Amino acid sequence: MKAAPFAYVRPSRLSDAIAELAETRGGGKVIAGGQSLTPVLAMRLARPDTLIDINSIEELGALTRSGPALHIGATVRQRRVERDPLGAGVPLLRLALPWVGHRELRSRGTVCGSLAHADPAAELPAVACCLDAELTLTGPNGHRRVSAREFFHGAMTTALTPDEILTSVRLPVATGGEGFGFAEIARRHGDFALAGVAVRVRLRAGRPEATMTAFGVSDRPVTRDLSEQLAAAVTDGGDGLAGRLKEQLAAVVEEIVDTDGDIHASRDYRRRLLLALAGRELSKAYERARDGAEEVTT
Ligand SMILES: Cc1cc2nc3c(=O)[nH]c(=O)nc-3n(C[C@H](O)[C@H](O)[C@H](O)COP(=O)(O)OP(=O)(O)OC[C@H]3O[C@@H](n4cnc5c(N)ncnc54)[C@H](O)[C@@H]3O)c2cc1C
């Protein structure tokens, strides 16, 4: 099948892109890397009147570090973040990126495009939620900032209004005393996850703080504070932290997985996957935080 006819514009200024989008009155779509949108158009699952290509807008191509944050503009490719030394400041992102499809796809696909697309089984929305990233949305009334945890409203549904562009995302750069874990189970490498976790552990005054975001198991990424469970599992001492964590996490995992079964996996199977991944990655993240460096002082 071929895409339905559409007009195509490629402005070089953000203000022009915003004006073009507003002019379509909800009938336009932004195109960034095109890795998700092009198949959607080809299958006629969407029939926008106009495509607004943002790739010539220079200011959207910035990848910069400012103070404690990594700033990723809307046209920055996933592969660039994977390879640029600046990307190493956000270890969780670097752990997750190799799981996003294949390298060729990441060479075109953008970090912000993945967030805007909001596939519930995608890796980068989970990373953004786990790290409590801040997204900048720009529309006719200017910029507004939205926390990643409030950005995802459901499957392929976000806080973006039809006249807004996601212009950048800011992620916190890791400090001493932090450890991360990331893993997923997919049927083949490059497929979307049946279940996955992104995990951050921070040691403060000897006490661990833990955040986990699960994906592929609900209509959006699901974030939970697991500090209590981690503290209890650590206090029990000895080897086998991952196993003790699984006991601590059973109830949370039961509650998080609310997707119905599909042809690939039942709900119960996804719960088992998530429990195994959560125990293992939380334990790894804790050990990385403990063996890493000084505690977080801020
Ligand atoms: C074979 C295949 C396998 C894949 N596997 C995975 C996978 O395992 N994990 C995964 O996460 N993804 C996967 N993807 C999707 C891929 O990661 C895409 O690159 C990503 O989802 C979208 O990024 P993009 O820049 O290509 O966005 P586009 O395709 O250009 O756009 C996607 C959607 O987001 C909107 N959009 C894009 N940028 C903006 C913006 N700045 N502001 C507002 N709206 C915007 C578009 O209008 C469109 O609705 C796969 C894709 C393919 C084709």
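The values are calculated or read from the model by the stated rules, or taken from the named source; none is laboratory data. Bear in mind the structure is a predicted one, so any value in this text is a computation, not a measurement. Cβ atoms come from the backbone with ideal geometry, glycine included; neighbour counts cover every protein chain shown. Keep in mind that these areas ignore ligands, DNA and RNA; they rest on the heavy atoms of the full protein, side chains included. Shrake-Rupley method; radii C 1.70, N 1.55, O 1.52, S 1.80 Å.
List of remarks:
- Here the label points at Glu254 and Asn141, each 7 Å from Cα along the C-beta direction, are separated by 4.4 nm in the simple model.
- With θ taken as phi - 60° and the Karplus curve 6.51 cos²θ - 1.76 cosθ + 1.60 applied, the whole-hertz 3J(HN,Hα) list for the stretch 75-86 is 9, 6, 6, 4, 5, 5, 5, 5, 10, 6, x, 4 Hz, x standing for glycine and proline.
- Whole-Hz Karplus values for the stretch 268-277 come out as 5, 5, 4, 5, 5, 4, 5, 4, 5, 5 Hz, taken residue by residue from phi with 6.51 cos²θ - 1.76 cosθ + 1.60 and θ = phi - 60°; glycine and proline positions read x.
- Over the chain, all Cα pairs binned in 5 Å intervals from 0 give whole-percent P(r) values of 1, 6, 12, 16, 17, 16, 13, 9, 5, 3, 2, 1, 0, listed from short to long.
- Chain lengthening between Ser227 and Arg272 when straightened (0.36 nm per residue, less Cα-Cα): 14.1 nm
- Chain lengthening between Asp239 and Asp16 when straightened (0.36 nm per residue, less Cα-Cα): 74.4 nm
- Working note: 222 nm ellipticity from helices only, DSSP H runs with n ≥ 4, each -39,500 (n - 2.57), summed and divided by the residues of the chain, gives -10000 deg cm²/dmol to the nearest 500.
- Antiparallel content of DSSP bridges confined to the stretch 1-174, in %, to 5: 75 percent
- Within the stretch 15-87, percent of DSSP bridges classed antiparallel, to nearest 5: 50 percent
- Cα pair distances exceeding 17 angstrom across the stretch 178-292, given as percent: 50 percent
- With Cα atoms, 0 to 90° folded angle of helix 241-256 axis to the chain main axis: 50 degrees
- Kirkwood Rh in Å, taken over the stretch 93-218 so that all alpha-carbon pairs contribute: 15.3 Å
- Sulfur and carbon atoms: percent of accessible area, the stretch 122-171 [1.4 Å]: 45 percent
- The HN-Hα couplings worked out from phi for the stretch 90-102 by the Karplus form 6.51 cos²θ - 1.76 cosθ + 1.60 (θ = phi - 60°) are 10, x, 5, 5, 5, 5, 7, 4, x, 7, 7, x, 10 Hz, whole numbers, x standing for Gly and Pro.
- Simple label model, 7 Å out from Cα along Cβ direction - Ala155 to Met1, nm: 1.6 nm
- Across the alpha-carbon set of the stretch 172-230, the Rg to Rh ratio works out to 1.05, Rh being the Kirkwood radius.
- Fully extending the segment from Ala42 to Glu58 would add 2.9 nm, taking 0.36 nm per residue of separation and subtracting the current Cα-Cα distance.
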